[in-house]
Amino acid sequence: MTGRSSRLARSSGSARLGKTEKSVSPSFSPYRATSRQASLTKQKNRSKNTKAELLLRQHIRGFGLHYRICAQFLPGRPDLVFPSAKVVVFCDGDFWHGRHWRRLKANLLKGTNATYWVAKIQANIIRDRRQAGLLRRMGWRVLRFWETDVLRNPDEMARKVKRAVCRNV
């Protein structure tokens, strides 16, 4: 692991500070986004209430399950939380969370500002793993779905959530 990548790995995820957990963001100070236009385009990407989330929530409501959304009190801010069952659900965007990482990385390396984008997505992957581990250690069951899987078959994903919730109640 190079100095830069080990620094990235250490700085992403959660750092233990006394009795409280605090999320630490990775630093991309030596890197810049591709262009002003690219930055503006990426800023318009939604972090909550995405099409996949809304579709999954609609199907979960069809099963009569009750949940909280965007719980800021938990690490990683899960998209859906079932407090009584201690189940959390994340709908991960394929690009931002590194689905098919080898293929995505190869494509990113061909593009503009490759170093920035590879480091950013790798940091997201590491952060996701650390936050899921932290939630599990806190006693939560963690379900992660890729946005394309939810969009293709929302009913199947909702059934998986229902099974997890019913199993834990």
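Values quoted throughout were computed directly from the atomic coordinates according to the rules given, and no laboratory measurement underlies them. Computed from a predicted structure; not experimentally measured.
Descriptive notes on the structure:
- For Ala71 and Asn168, the difference between the fully extended length at 0.36 nm per residue and the C-alpha to C-alpha distance is 33.0 nm.
- DSSP beta bridges in segment 48-168 [antiparallel fraction, %, rounded to 5]: 45
- A cut-off of 5 Å between modelled amide H atoms, ignoring neighbours fewer than 5 places along the same chain, links Arg141 with Val87, Val88.
- Amide H within-cut-off set for Asp94, under 5 Å, with H built and near neighbours excluded: Glu147, Thr148
- Segment 48-168: relative contact order as a whole-number percent, Cα under 8 Å and 6+ apart: 36
- Candidate aspartates and glutamates - alpha carbon under 20 Å from Lys110, same-chain residues fewer than 8 apart omitted: Asp94
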